[in-house]
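Below you'll find the structure, written out as structure tokens, and then a few comments.
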Amino acid sequence: MKNKLLFLLLFSITTFCFSQKVTLSGSVKDSLQNPLSYANVIAKPKDVSKNLQFAITDNEGYYKLLLEKGDS
């Protein structure tokens, strides 16, 4: 029982350490520097088997994407 618990604990720690996240945030503006509301921002991963990540800008043109480190 102790061995199984120790294995589970070590597995959880290594999974947590290797799944690092990166936050990408910014704003989208047009050529006149006006914020674009409800624009799509897409992050394409290097590995084509993974899904696209996307965000939609708010009323002031700001967005925030939560990505895995080294994916995009």
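The values are calculated or read from the model by the stated rules, or taken from the named source; none is laboratory data. Everything quoted here is computed from the prediction, not taken from an experiment. Here the Cβ positions follow ideal geometry from the backbone for every residue, glycine too, while neighbour counts run over all protein chains shown.
Regarding region 25-34, can at least one residue be identified that is outside any helix (DSSP H, G or I), closer than 11 Å to Leu67 by Cα, modelled with pLDDT of 80 or more and out of contact with any Pro (no Cβ under 7 Å at 6 or more places or on another chain)? Give the steps one after another, and end with the answer.
Applying the first criterion (outside any helix (DSSP H, G or I)) to region 25-34 yields 25-34.
So of that shortlist, the ones also closer than 11 Å to Leu67 by Cα come out as 25.
Those still in the list that are modelled with pLDDT of 80 or more too: 25.
Add one more test, that the residue is out of contact with any Pro (no Cβ under 7 Å at 6 or more places or on another chain), and what stays is 25.
Within region 25-34, one or more residues are outside any helix (DSSP H, G or I), closer than 11 Å to Leu67 by Cα, modelled with pLDDT of 80 or more and out of contact with any Pro (no Cβ under 7 Å at 6 or more places or on another chain).
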With respect to Lys50, is the statement that it is loosely packed, with under 10 Cβ neighbours inside 10 Å, in a loop (DSSP other than H, G, I, E, B) and at pLDDT below 90 true? no
